[in-house]
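The block underneath contains the structure these notes are about, expressed in structure tokens.
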Ligand code: C2E
Ligand code: CA
Ligand code: CA
């Protein structure tokens, strides 16, 4: 397009146009996708060619009338266009201009070539006009995407960091402060998976639009990534304080977002804040500080808010250290399995054992899974750890069964990440076959988070496992999203009522009502019910009274290493 050589060719052709070959050149031009205007100074003759008639609704009959183009072109482009269509005025032999056609809402590219005679006077000129709307918009879009997030129109991460760096430089000069607030939508995956990606996007767009309205010359907002937004406030005091902005956001979230399918979508957000210059003095570091605080917030649950401080930093650093040690522990196989017995509440007979992993560190001693499982789930080491627990507990179980001829169930905790692996079902079956255990004695404990992540594929795996004969137990029931109706869809055999219910079951009447109705429904659906974390006789008696099938907890026995359990079996 930018190549003008064809125009020279064309000019040559037009020079001969009076000759007998004219129609051939006409055809050539006619076949192109452009509009042409040919003008001869010699006899003030104008000819429009190519797609001219398709491009424009007006005719041009003289050199002066070329001015008609300026009528349809946006006024800002009048000077460049005029210069382009009258190259003879500046004696330029070739000029180009990209202009906007207001009338037809398109971008036009004008290229004009001027042919001079021997004495240097203009002889002829050719204008080639192309529609470049598509290319133009594409360039626009690319330029736009370099700075803004496509979904929300907020500053993207890269541009935000640059602008934050500028803001920090100004603050350094003027001795001012900046607050950075990260906003992370809680369990956004739930929205995406439950309602579909497009609804998820819509929620982000709506929330982003609300945030965009908060922008002003002191407040800058970015869509950092997926479900994370960030706000930078210059001089965060008074009307501009972190608290003020936090409250505006919380208030907004009191009401659900209405999405296009008519549904109301509600969510909470976690927020973390870091201040310049207190926490960090560069844009990247400030964002990292807010990230670290967010990590802490998320570990505490939903809707949290915290400022960066050194305790949080130290905790983060020691987690990083722990993570490294955990990697080593996996390499050195420094894990063992404890077993906690479960008893039928009516008969007090042994119902099963839950396998609970322990990390044995030579310096720190026994480390609780409550500490390292969350890390292992994040960095993926839960896969080898889970594999170890599965094999170790089934092996141990087979040994006991052989030795003591007892009938009880072995319950094994399985993480979401394990279910996600394609070979998960096969690997379970493989271990069961290897130790020749009947699958009906093997129970896998899952949490709802497993289903939220990847509903269809996990359901399929659970069904296959149950078909094979393995039991499925829903762990920590009551802590997640479990609505009773939701339960009907799950292919499960056992429901484990979370310890938090048992903790307050005697002191809080509403907990009692909930627990009783959970048990009611559980019986209705044919699930076996287990109460976890039963620590005393009163709790046990009450649970037995209201029909809880199985009791697990310190009252009947803590988790113990295999040798101790062996004494019990004996
Ligand atoms: P969980 O599956 O809910 O296991 C029950 C936890 O409650 C165990 O903690 C157990 O020791 C504790 N517990 C049982 N009875 C009582 C009681 O009466 N009072 C109190 N205060 N606590 C009681 P533990 O062994 O520290 O395990 C913590 C969590 O770590 C487990 O919670 C489970 O989510 C996870 N976990 C443990 N082993 C594994 C494993 O092999 N794989 C996976 N993926 N997760 C595991
Ligand atoms: Ca469990
Ligand atoms: Ca549990």
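Points to keep in mind about this one:
- Label-point separation, residue 157 to residue 215 (7 Å along Cα→Cβ), nm: 1.9
- Computed extension length for residue 513-residue 83: 146.4 nm, one decimal, from 0.36 nm per residue of separation with the Cα-Cα distance subtracted.
- Where a label projected 7 Å from the Cα of residue 327 along Cα→Cβ would reach, residues of the stretch 277-299 with amide N under 20 Å: 292
- If R0 equals 22 Å, the separation of the Cβ atoms of residue 406 and residue 506 corresponds to a calculated FRET efficiency of about 0.10.
- Taking the centroid of alpha carbons for each part, the stretch 413-431 and the stretch 121-137 are 65 Å apart.
- Highest to lowest packing among 527-534, 282-289, scored as the average C-beta count within 10 Å: 527-534, 282-289
- The stretch 166-206-the stretch 213-234 distance, computed between alpha-carbon centres (Å): 6
- Over the residues of the chain, the helix contribution to mean residue ellipticity at 222 nm works out to -14000 deg cm²/dmol, using -39500 (n - 2.57) for each DSSP H run of at least 4.
- Judged by the gyration tensor of its Cα atoms, with axes a ≥ b ≥ c, the stretch 453-570 is oblate; a/c meets the 1.5 cut and b/c is at least as large as a/b.
- Of the peptides 254-264, 98-108, 175-185, the ranking by mean beta-carbon count within 10 Å, highest at the top, reads 175-185, 98-108, 254-264.
- Gain upon complete extension [residue 93, residue 139; 0.36 nm per residue less C-alpha separation]: 13.8 nm
- Computed from Cα atoms, the angle from the helix 133-145 axis to the main principal axis of the chain rounds to 40 degrees.
- Using alpha-carbon coordinates, inclination of helix 310-332 to the longest axis of the chain, degrees: 70
- Computed from the C-beta positions of residue 174 and residue 201 and an R0 of 60 Å, the FRET efficiency is 0.95 to the nearest 0.05.
- Beta bridge orientation in the stretch 148-308: antiparallel %, DSSP, nearest 5: 85
- DSSP bridge pairs, the stretch 314-463: antiparallel proportion in percent, nearest 5: 60
- For the chain, convex hull volume per residue from C-alpha positions, Å³: 254
- Computed across the stretch 140-254, the Kirkwood radius stands at 14.9 Å (inverse of mean 1/r, all Cα pairs).
- Each of 353, 294, 521 was scored by other Cβ atoms within 10 Å of its Cβ. Arranged with the fewest first, they read 521, 294, 353.
- The angle between the Cα long axis of helix 283-300 and the main principal axis of the chain comes to about 30°, on a 0 to 90 degree scale.
- With the simple spin-label model, which puts each label point 7 Å out from Cα in the Cβ direction, the residue 53 to residue 102 separation comes to 2.9 nm.
- Prolate/oblate/rounded label for the stretch 32-137 (Cα gyration tensor, a/c 1.5): prolate
- Order by protection proxy (mean Cβ within 10 Å, highest first), peptides 203-212, 238-247, 129-138: 203-212, 129-138, 238-247
- Antiparallel bridge percentage (DSSP; both residues within the chain; nearest 5): 75
- Global form of the stretch 333-569, assessed from the alpha-carbon gyration tensor, a/c cut-off 1.5: rounded
- Residue 399 versus residue 119: modelled label distance in nm, points set 7 Å from Cα along the beta carbon direction: 11.3
- For the pair the stretch 288-350 / the stretch 515-536, the C-alpha centres are spaced 27 Å from each other.
Read-outs throughout are calculated quantities, based only on the coordinates presented, and are distinct from any laboratory measurement. None of these values were measured; they are calculated from a predicted model. Here the Cβ is made from the backbone with ideal geometry for all residues, glycine too, and neighbour counts use every protein chain on show.
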